[in-house]
1. Of the conditions (1) assigned to a helix (DSSP H, G or I); (2) within 30 Å of the chain's Cα centre (by Cα); (3) more than 30 Å from residue 128 (Cα to Cα), residue 222 fails just one. Which one is it?
2. Out of the residues in the stretch 24-47 meeting the condition of being surrounded by fewer than 21 Cβ atoms within 10 Å (Cβ to Cβ) and among the hydrophobic types (A, V, I, L, M, F, W, C), tell me which one is nearest to residue 105 (Cα to Cα).
3. Within the stretch 144-161, can one find any residue that is more than 21 Å from the chain's Cα centre (by Cα) and surrounded by 14 or more Cβ atoms within 10 Å (Cβ to Cβ)?
4. Name the single residue, out of those in the stretch 55-74 being in contact (Cβ under 8 Å) with a residue 40 or more places away in the chain and assigned to a helix (DSSP H, G or I), that is farthest from residue 105 (Cα to Cα).
5. Return yes when residue 242 is buried (at least 19 other Cβ atoms within 10 Å of the Cβ), outside any loop (DSSP other than H, G, I, E, B) and free of Cβ contacts under 8 Å to residues at least 60 places away in the same chain and no when it is not.
6. Have a look at 55, 50 and point out the one that is within 19 Å of residue 121 (Cα to Cα), assigned by TED's automatic domain parsing to the domain that holds residue 113 and in contact with a helix residue (DSSP H, G or I) (Cβ under 8 Å, 6 or more places away or on another chain).
7. Failed condition for residue 85, given (1) assigned by TED's automatic domain parsing to the domain that holds residue 28; (2) aromatic (Phe, Trp, Tyr); (3) modelled with pLDDT of 85 or more, with all others met?
8. Mind checking which pairs have a first residue in the stretch 27-43 that is in contact (Cβ under 8 Å) with a residue 40 or more places away in the chain and a second that is part of a strand (DSSP E or B) and of a type in the set (Gly, Ala, Ser), Cβ under 7 Å, 6 or more apart or different chains?
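The values are calculated or read from the model by the stated rules, or taken from the named source; none is laboratory data. Note that this is a predicted model, so its numbers are computed, not measured. Reconstructed Cβ throughout: ideal geometry from the backbone, glycine too, with neighbour counts over all protein chains shown.
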Amino acid sequence: MYRVMLIDDEPAARNLLRVAVNWEELDMEVVGEAASGIEAINVIDDLRPDLAFVDISMPFMDGLKFTELATERYPDLVIIIMTAFDDFEYARKAVRLPVMEYMVKPAVREDVREVLQRARATLDKKAAQRALQPAPEDPEGEFSATEQIMRYLKENYTDSTLNLTKAAQQFGFSTSYLSRKFKQETGMNFVECLTNLRMNKARELACEGMKMFKTAEKVGIPDPNYFGRAFKKYTGMSYSDYVAQYAKS
């Protein structure tokens, strides 16, 4: 999920934004709040937001100064400036800053939702661009993003902690974006692909007569009960029957 920060010196304004939006539906979550630009700068390294709602008028450090400092540190941070109507001319000074949208307070719920949908599209695009950058071991950039992910799975499927979330973090995607992209370009979902890799290796090890609990560990499914069910679903046979039929003598 994309991480959202709410920065406003009015608690009521922050609370309104928090409760007025179905964040999960937008693949977002509010990870923190701040009551001033100074407070926000002090906690941004811990929160690492992808998107921030920033009130333009705050004591000690206004929203424009925060935006200037924050985007120097995190160039991909998406900023949505919130401003009272009387401050709109002041907000125009932010044109030179990398701000995605300016909204007049109090914002209408549907307007906020529309802006967030565009923000998600922007974040998805940024994630895709990062994933398409050459990996260190692929200096010529000859592999597409999906090919890089497939290679990552083939090299790491034995890791029992590998899942959609971990892979998404590795490549800078949101989990929902990676899930959609992977299905669209490979014809199978992420879990199916990971399970196929593990079961293909499991069949090889079964043919060598390896004990089930050892095979389960080697393919990244240390729970033998879960492994046994997955193996039978994949091959149509229990592990012991498969060994009995196909193991090399």
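1. For residue 222, the failing item is (1).
2. Checked the stretch 24-47; the qualifying residue nearest to residue 105 (Cα to Cα) is 35.
3. Checking the stretch 144-161: at least one residue is more than 21 Å from the chain's Cα centre (by Cα) and surrounded by 14 or more Cβ atoms within 10 Å (Cβ to Cβ).
4. Filtering the stretch 55-74 for residues that are in contact (Cβ under 8 Å) with a residue 40 or more places away in the chain and assigned to a helix (DSSP H, G or I), the one farthest from residue 105 (Cα to Cα) comes out as 66.
5. Criteria met by residue 242.
6. On inspection, the qualifying residue turns out to be 50.
7. (3)
8. none
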